[in-house]
Structure formats: structure tokens, C-alpha cells
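First up is the structure itself, then whatever we jot down about it.
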Amino acid sequence: MNTPAAQTLDARGLNCPLPILRTKKAIASLSVGEVLEVTATDPGSLKDMESFCAQTGNELLASGQSGGDFFFRIRKS
Amino acid sequence: MGAVQHSNFSQESLDQWFDQRFAEKMAERDAARTPSMTIIATKGALDMAYPPFILASTASALGWDVSIFFTFYGLSLLKKNLDLQVTPLGNPAMPMKLPNGTELPIPTSIMALMPGFQSMASGMMKKTLKTKGVASIEELRELCIEADVKLIACQMTVDLFDYGKEEFIPEIADWVGAASFLPIAQKADVNLFV
């Protein structure tokens with residue numbers, strides 16, 4: 001089941017804590033159950049996004065890396 | 001016969017029941033609680049301005065309640081016009097890198113004595129921060145304000161340095177003293193002194 005993203009966020013070139021802050025803002029504009037896709041280049045975002053989702057109760061559906069880019073799919077809970 | 005019935009509730013089973021209920025209730029309470037953090041910001045240099053604003057904005061993104069108490073030189077972080085500087089003086093581990101990544105092979109203790117060095121170093125640092133995609137202090141402060149981080153100013157510092165309140169941003173939640181800040185800190189899960 002691959003829910004299409006309701007919104008995408010390009011956080012490439014931004015450094016800590018901006019990718020998290022922008023993600024938080026983007027999630028706030030979604031309805032529960034909708035999915036946000038984030039692309040970032042901050043290597044710290046891999047762990048930070050996990051921690052952010054665990055703390056805020058949103059679901060990290062997938063995360064991955066391709067070249068220098070990090071991808072995240074987050075479902076708003 | 002009633003006594004036999006009651007023997008089901010042995011001390012042991014009661015203890016067990018209580019322990020289990022207590023653990024459940026505590027977990028419920030923890031889950032419903034909003035974590036909180038208080039930060040005391042005492043430094044007004046560019047490099048020392050980052051930790052309070054980064055931690056505060058991130059904590060609020062995690063859903064925490066955050067208050068920052070700005071005192072002494074930290075109060076200058078709440079001025080309308082920020083002109084923050086970084087100094088090599090007393091900052092021996094500060095690497096002196098040009099924005100292109102080259103490091104200057106001069107000890108910071110010597111560089112600190114050169115006239116005009118501080119403004120040059122500050123300019124270079126700001127340029128590097130920008131190239132690396134690190135937010136400016138102005139931007140982070142704005143994000144904190146948007147996220148309802150409580151910015152608390154130390155009244156004594158204003159009097160001490162003869163500041164005018166009109167020099168500061170209007171978003172300051174309160175002008176208070178230590179006695180008003182400490183009760184907030186007392187209830188916070190995380191207290192930091194920067």
C-alpha cells in the first residue's frame with residue numbers, strides 16, 4: 001500500500017534544525033492519515049527524523065538514501 | 001463462609017493488582033504530559049547565540065513547552081537589531097576557516113590582538129553559516145516566536161545596562177526577575193544554562 005504524498009517538502013541544502021522545523025510546519029498543514037514526502041541533504045536528518053516521529057507520534061513509513069539525498073515518507077497521526 | 005470468599009483477595013494478589021494498575025496509570029500520565037524545557041541564555045556572542053535558539057525551536061517542533069530566560073549579555077539576543085559577533089578572544093579551539101574551507105595557520109590568541117580582526121572573523125563565520133545552509137539567528141529567533149517559545153527578559157539586566165525597552169522585540173513575553181523564572185524551571189524536565 002503506497003499512499004500518494006499529499007505534500008512534498010524539499011529541505012535540500014538546509015542544515016540542522018531547519019529540515020525538522022520545516023517538516024513540523026508541513027505536517028501541521030496536513031490532515032490525519034495524509035503522507036508527507038521530505039528530501040534532505042543533512043546527514044543528521046536520518047536519525048533526527050526518526051526521533052522527531054517517535055516524539056510527535058507521527059509514523060515514519062519509509063526512509064532511505066540515494067546519492068547525497070535522504071528521503072522520508074511520514075504519515076500524520 | 002464470607003471469610004473463605006475474601007481469602008481470594010490475599011495480600012499478595014492485592015499487591016500485584018496495585019503494582020500493575022499503578023504502572024498503567026503512570027504510563028497514561030506520562031503519555032498525556034507535555035514535556036518542557038527551560039534555557040538560561042547568558043551570552044550575546046554569535047557562536048553562543050546558536051545553542052539556545054536551535055534547541056528551543058527544535059524542542060517546540062517536538063511538541064515541548066519551551067521558555068528561554070535571557071540575562072546579562074544574553075539579553076542582547078532579544079534586540080530588534082542584531083549585530084552579533086564572534087571573537088577569537090578566550091575561544092582557543094575556534095578554527096579560523098575561510099568560507100572556502102582553508103584554515104588560517106595563526107593561533108587564535110594572536111589573531112585576537114589584530115585590530116579589525118573580530119569583525120572580519122564574524123563576517124567570515126556568517127558567510128560560512130550561510131553557505132552550509134545553517135539558519136541565521138534572526139531566522140531561528142523568528143521560528144521560535146512562531147512556535148510560541150516563551151522569551152523572557154531579565155529586568156535587572158535592563159536596569160544594569162541602561163537599556164531602553166524600545167530597543168527590544170515586542171514579542172518578549174515577560175520582563176521579570178529570578179524569582180519569577182525559577183518556578184517555571186522547577187517544573188521543567190530539561191534545564192539548560194548557556
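Where a number appears in this text, it was derived from the coordinates with a stated rule and is not lab data. On a predicted model such as this, the values are computed, not experimentally measured, just so you know. Heads up, the Cβs are rebuilt from the backbone with ideal geometry, glycines too, and the neighbour counts pull from every protein chain shown.
Across chain B, the mean sequence separation of Cα contacts (distance under 8 Å, 6 or more residues apart), normalised by length, yields a relative contact order of 29 percent.
Using the Cα coordinates of region B:130-194, the gyration tensor eigenvalues translate into equivalent-ellipsoid semi-axes of 23, 19, 11 Å, sorted from longest to shortest. Determine the shape class of region B:77-137: with a ≥ b ≥ c the square roots of the Cα gyration tensor eigenvalues, call it rounded for a/c under 1.5, and otherwise prolate if a/b is greater than b/c, oblate otherwise. It is oblate, given that a/c is not under 1.5 and a/b is not larger than b/c. Relative intensity of the protein assembly as shown on a log10 scale, I(q)/I(0) at q = 0.10, 0.11, 0.12, 0.16 Å⁻¹, equals -0.67, -0.78, -0.88, -1.26, per a Debye sum over C-alpha point scatterers of equal strength in the absence of solvent. Proximity of backbone amide H atoms, modeled 1.01 Å from N, is registered between residue B:39 and B:67, B:68, B:69, B:192 at under 5 Å, excluding neighbours fewer than 5 places apart on the same chain. For region A:7-75, DSSP calls about 70 percent of its internal beta bridges antiparallel. Note that region B:37-193 shows a convex hull volume over its alpha carbon atoms of 123 Å³ per residue.
Only beta bridges with both residues in the protein assembly as shown are counted; by DSSP, about 40 percent of them are antiparallel. Its DSSP H runs of at least 4 residues, each contributing -39,500 (n - 2.57), put the calculated 222 nm mean residue ellipticity of chain B at -13500 deg cm²/dmol, to the nearest 500.
Averaged over B:121-130, how many beta carbons belonging to a partner chain fall within 10 Å of each residue's beta carbon?
Counting other chains' Cβ atoms within 10 Å and averaging over B:121-130 gives 0.
DSSP finds beta bridges in chain B, and of those with both partners inside it, around 10 percent are antiparallel.
Taking every C-alpha pair closer than 8 Å and separated by at least 6 residues, the mean separation divided by the residue count of chain A gives a relative contact order of 33 percent.
Using the Cα coordinates of region B:90-169, the gyration tensor eigenvalues translate into equivalent-ellipsoid semi-axes of 31, 20, 10 Å, sorted from longest to shortest.
For the segment B:71-80, counting C-beta atoms of other chains within 10 Å of every residue's C-beta and taking the mean gives 0.
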